[in-house]
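Read the structure below first, then the notes.
Readers should treat all values here as calculations from the given coordinates under stated rules, not as data from a laboratory. Predicted model, so just to flag it, every value in this text is computed and none were measured. Glycine also receives a Cβ, built like all others from the backbone with ideal geometry; neighbour counts cover every protein chain displayed.
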Amino acid sequence: MPMTTTAPVDGQLPSPRSPLMGWSAVVSVMLGIFAIVTTEILPIGLLTSIGSSFTISDGRAGLMMTMPGLLAAIAAPLVTTATARFDRRLMLCVFMLLLALANFLAAAAPDYWLMLTSRIMVGITIGGFWSIGAGLAERLVPPASVGRATAVIFSAVPLGSVLGVPTGTLIGDLAGWRTAFILMGALTVGILVMLLVLVPPLPPVQATRLGVLGGMLRSVNIRFALLLTFLVVLAHFGTYTYVTPFLEQVTHASAGLITTFLLLYGAAGILGNFLGGAWVARYPRAVFGVAAGLIATVTLLLPALGRWETGAVTLLIIWGIAYGAVPVASQTWFSKAAPHAPEAASVLFTASFQATFSIAALAGGIILDRTSPSTVMLLGGCTAVLMVLAIGARFAQRLAGPGCKERS
C-alpha cells in the first residue's frame, strides 16, 4: 500500500546546478558524515587511555560509545520532524557547529561527566545530520548519478575507520587523547565552512511527520529491516567497540601495531562499502547475509586465531570488508521497504542503527568488565549467526509462500 510521509512545504526546487557543483556538495555532505562517524567512534582507539585519565574501567569508558547512539536514536525522529520546515543546508550547518563544540568540550573536559555531556551533543548531531544528509543525493545530482552519489556519501562510514580512528589513535599515542579531539574539532569547523560555501540552499520540499513514522512500522518489510539491522549492529559494535582491549590483552600487540591493524581494517571497510554498494540493489539478501556470515566467522575465530598477530590482522581485514557493506545494505533495505518516503526511511534507519549501537556498546562493556575480551567476541559471533538464520528463514518463507509479495 503506498504510504506518503510528505507534505508540501515549498513548491520550488532549487535551480539546476552544474555537475561539478553538485558533486562538490555531495562531497561536502560526505565529509560531514565522515566527521560525525569519526567523532562517534574515535574513543574506540583511545578507550584505554581515556579510561586511565579518568581512572575508570574499560567497560565504563564504553559509555562514551553508548551515549551518542542512545541520543541519536531519540534525536533522529524528533529533530527531523521538529526542523522539517527549515532549510536543510541551514540544519546541516547547525549540526556541524554543534559537533565542533562537542569535540572542543571533550578535549577540555576535566572530569568524565563533562566528557559524557560532549558525547550527548555528538548523539544529537548524528540523529539530525545523518537523517537529513543520507537522503540528499537525489537533490544534488542528476537522477542517473543518485546511486553513485549515495555510495559516495556512505563511504564516509568506512573512511571514518580507515582515516579517523587510526589517525586519532596515533595522535593520542604521540600527543595525548585530548589533542585528537582538538584536531577533530578544527576539522569539523573546516567542513562547516565547506557546507556553507558548496551546498546550495535546500528549502524543504516535504515534511516528515511522527505519525507516519509510526505507521511505517506496520509494514512487514520495515519490521524485517529493523530486525536485521538490530542483529548485525549488535554483533558488530558489541565487539568492535572493545577491539583495542582485545588486541592489547589477547594479541599482546603494541600501541603502534594496533594503530596499523585499525588502519588496515578501515581500508578493507572502504572496499567492502563499494562492493556492497555495487551489488546490494540486485542482491540485497545475499549482500546482507554474506556480511553477517563473515562477521560471525571473524568474531568466533578471533579468540583462537587472534592470539597471533598474523591471525588477528587477517581476521580484521575480513571483518572490515564485511562491515563496510553493512550501512549501505541496511539503508537500501529501508529504502526499498518505503520507496515513497525516502527521508522517513532514513530516519528509521538512523534511529534503529544508533539505538542498537548504544545497546551493543553498553552490553559489550558490561560483559567485558565481568568476563574477558574473548567472551565478548564469542557472544557477538553468536548474534551475527542469528542474523544469518533470520535471512535464511525469510528466504525459505518466500520460497514456500508465493503469496508473500512484499519484496525485501
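General observations
- Span from the segment 76-127 Cα centroid across to the segment 136-197 one, whole angstrom: 15 Å
- Whole-number percent relative contact order across the chain, with pairs defined as alpha carbons under 8 Å at least 6 apart: 28 percent
- For segment 132-255, the fraction of C-alpha pairs farther apart than 26 angstrom is 48 percent.
- Sparse-neighbourhood loop sites, trypsin sites (Lys or Arg not before Pro) in segment 224-326 - DSSP loop, at most 12 other Cβ within 10 angstrom: 282
- The stretch between residue 307 and residue 98, if pulled fully straight at 0.36 nm per residue, gains 71.1 nm over its current Cα-Cα span.
- A simple rule links phi to the HN-Hα coupling: the Karplus curve 6.51 cos²θ - 1.76 cosθ + 1.60 with θ = phi - 60°, which for segment 32-48 gives x, 5, 4, 5, 5, 4, 4, 4, 5, 9, 3, x, 4, x, 10, 4, 5 Hz, with x for Gly and Pro.
- If the convex hull is drawn through the Cα atoms of segment 259-300, its volume per residue in Å³: 49 Å³
- Each other residue within a Cβ distance under 11 Å of residue 58 adds +1 if Lys or Arg and -1 if Asp or Glu, for a net charge of -1.
- Each peptide among 88-99, 288-299 gets the average number of other Cβ atoms lying within 10 Å of its residues, and from highest to lowest they stand as 288-299, 88-99.
- Within segment 126-195, none of the trypsin sites (Lys or Arg not before Pro) combine a DSSP coil assignment with at most 11 other C-beta atoms in a 10 angstrom radius.
- In range of the label at residue 220: residues from segment 279-299 whose backbone nitrogen is under 19 Å from the point 7 Å along Cα→Cβ: 284-286
- With a Förster radius of 25 Å applied to the C-beta separation of residue 74 and residue 399, the computed FRET efficiency comes to 0.05.
- Extension reserve of the residue 227-residue 163 stretch, reckoned as 0.36 nm per residue once the Cα distance is removed: 20.0 nm
- Residues within the reach of a label modelled at residue 54 (point 7 angstrom out along Cα to beta-carbon, backbone nitrogen below 13 Å), restricted to segment 114-147, are 114-121.
- Furthest towards positive pole of dipole, 42, 175, 125, structure part segment 19-400, Cβ charges: 125
- Paramagnetic label zone (point 7 Å from Cα along Cα-to-C-beta, residue 374; backbone N under 17 Å) in segment 234-260: 243-253
- Percent of Cα pairs in the chain per distance bin of 10 Å, from zero to the largest separation: 5, 24, 34, 25, 10, 2, 0.
- Couplings 3J(HN,Hα) for segment 379-386, derived from phi with the Karplus relation 6.51 cos²θ - 1.76 cosθ + 1.60 (θ = phi - 60°), are 5, x, x, 5, 5, 5, 4, 4 Hz, where x marks Gly and Pro.
- Computed extension gain for residue 183 through residue 120, at 0.36 nm per residue and net of the alpha carbon distance, reaches 20.7 nm.
- Relative to one another, the C-alpha centroids of segment 238-308 and segment 351-403 are positioned 15 Å apart.
- Phi to ³J(HN,Hα) by Karplus 6.51 cos²θ - 1.76 cosθ + 1.60 over segment 102-107, Hz, x for Gly, Pro: 5, 5, 5, 5, 4, 5
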